[in-house]
Amino acid sequence: MEHLLQVENLKVNFKTFGGEVKAVRGVTFHVDKGETVAIVGESGCGKSVTAQAIMGLIPSPPGRIVDGSIRFNGQEITAMSKEELHRIRGTQIGMVFQDPMTALNPTMKVGSQIAEGLIRHRNLGKQEAKQKAVEMLKLVGIPDAAKRAEQYPHEFSGGMRQRVVIAIALACSPELVIADEPTTALDVTVQAQILDLMRDLQQQNNLAIVLITHDLGVVAEAAQRAVVMYAGIVVETGPVEEIFARPKHPYTWGLMKSMPRIDGAKERLVPIEGAPPDLFNPPHGCPFAARCDYAMEICQRQMPEATDFADGHKAACWLHDERAPKIDELVAAGRQV
Ligand SMILES: Nc1ncnc2c1ncn2[C@@H]1O[C@H](COP(=O)(O)OP(=O)(O)OP(=O)(O)O)[C@@H](O)[C@H]1O
Ligand SMILES: [Mg+2]
């Protein structure tokens, strides 16, 4: 069966004064109907650029998709005209970003902002669209929806604004929502509420979600599968349960050691030392080698192929070559065995 979204060998460069930044360097993953796939990794690893590419929003210039394919519902996104992309974004792919204030128009009532897409893309009349906008506000848990629809974004709290953005994203019943750090700007309690809301809406609508985050806690909470990115490549991917139970890449081990335990047990958090490589001139070998406690000579020289484990769990690391020394993965990830 064809996946709802299939990203294959995606490469995106940006021309800058300093040279060409190779922001995304061959990313492959897929998303099926109704599932949440998290893209996780440190700042600058290419998460947002991957999302922009899927939505046809790479600013060009300076950006350019240099290779690869993005198929959504059997259609090739990279080959679409501006008008087709606009239509897809209005109807089939919804978007939720980190800062709700930049996604909302400060001079327009929130009800009208939700109604706008319904009028343009779903051919609803003004009155009908307004009514649907109020329904959407109710759906995302905003009390007094009819009154709230007549208010402006500044009259809402941060968490409420993000609910409004989710209402806009879902108004035209998209099949896929791309959420780029949707809860990063919110405090922890509100963050949990927004994640719950997204999960409920997803189940009701069989919605697929690409959830971008730098927070493994959010991944554990909200996603079924994860794509771990580092320096523009996918280093590990698979079912979230598998990745947490049997992480296979030293970068994932590092991420786990630097995150608080879900069960609340106290332990020392260990940040990953060092910084990601320069993306103007990425290394030939594994990009994580310079920061990896387990790096071998081959790691500096040659990019590892992905090794397949169970259930679509894959990792690109030389430690899984049969000639490599065996490392206890759970100990390396700082987990008790
Ligand atoms: N418009 C642009 N012009 C030049 N370089 C860009 C542009 N957009 C992104 N980049 C570069 O692409 C790389 C990946 O950026 P991206 O925004 O995807 O990171 P990210 O993983 O989303 O990080 P964060 O967690 O900080 O949001 C970075 O090196 C960034 O500087
Ligand atoms: Mg980003």
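All of the numbers you see were taken from the coordinates with simple rules; none came from a lab. None of these values were measured; they are calculated from a predicted model. A quick note on method: Cβ atoms are made from the backbone with ideal geometry, for glycine too, and the neighbour counts reach across all protein chains shown.
A few comments on the model shown:
- Working from Cα pairs under 8 Å separated by at least six residues, relative contact order for the chain is 19 percent.
- By the Kirkwood approach, averaging reciprocal distances over each pair of separate Cα atoms, the chain gets a hydrodynamic radius of 21.1 Å.
- The stretch 291-337: GluC sites (Glu not before Pro) in DSSP coil with no more than 14 other Cβ atoms inside 10 Å: 305, 322
- Packing-based exposure ordering (other Cβ within 10 Å, fewest first) of 268, 120, 161: 268, 120, 161
- Listed residue (61, 114, 228) projecting farthest to the positive dipole end of the chain, Cβ model: 114
- Under the Debye formula (equal points on every Cα, no solvent term), log10 I(q)/I(0) of the stretch 286-337 at q = 0.19, 0.23, 0.32 Å⁻¹: -0.72, -1.00, -1.29
- Using the Cβ of residue 234 as centre and a radius below 13 Å, the other residues enclosed give a net charge of +3, where K and R count +1 and D and E count -1.
- Overall, the stretch 157-315 carries a charge dipole of about 180 debye about its Cα centre when +1 sits on the Cβ of Lys and Arg and -1 on the Cβ of Asp and Glu, all other atoms neutral.
- Under the simplified labelling scheme, the residue 324-residue 147 pair shows an inter-label distance of 6.0 nm, with each label point 7 Å from Cα along Cα→Cβ.
- Most mobile of 102, 307, 237 in a GNM of the chain (Cα contacts under 10 Å): 102
- Rounded if a/c under 1.5, otherwise prolate or oblate - the stretch 76-222, Cα gyration tensor axes: oblate
- Label-point gap, in nm, between residue 205 and residue 64 - each point 7 angstrom along Cα→Cβ: 3.6 nm
- Extending 7 Å from Cα along the Cβ direction at residue 85 and again at residue 9 yields two label points whose distance is 2.2 nm.
- Selected from 90, 182, 72, residue furthest toward positive end of dipole (the chain; charges at beta carbon): 90
- Assigned charges on the beta-carbon of Lys, Arg, Asp, Glu; the chain dipole about Cα centre (debye): 820 debye
- Beta bridges by DSSP in the chain, antiparallel share as percent, to the nearest 5: 65 percent
- Given charges at Cβ of Lys, Arg, Asp, Glu: the chain dipole, positive-most of 306, 290, 123: 123
- Placing +1 on the Cβ of every Lys and Arg and -1 on the Cβ of every Asp and Glu, with no other charges, gives the stretch 97-137 a dipole of roughly 180 debye about its Cα centre.
- Listed residues 325, 277, 304, most fluctuating in the chain (Gaussian network, C-alpha, under 10 Å): 325
- As a proxy for reagent exposure, ranking 251, 152 by other Cβ atoms within 10 Å from fewest up yields 152, 251.
- Span from the the stretch 61-77 Cα centroid across to the the stretch 186-256 one, whole angstrom: 23 Å
- Cα long-axis angle, helix 82-91 against the chain (0 to 90 degrees, to the nearest 10): 80 degrees
- Sorting 175, 273, 20, 155 from the fewest to the most surrounding beta carbons within 10 angstrom yields 273, 155, 20, 175.
- Cα-only Debye scattering, the stretch 1-104: base-10 log of I(q)/I(0) at q = 0.12, 0.17 Å⁻¹: -0.41, -0.85
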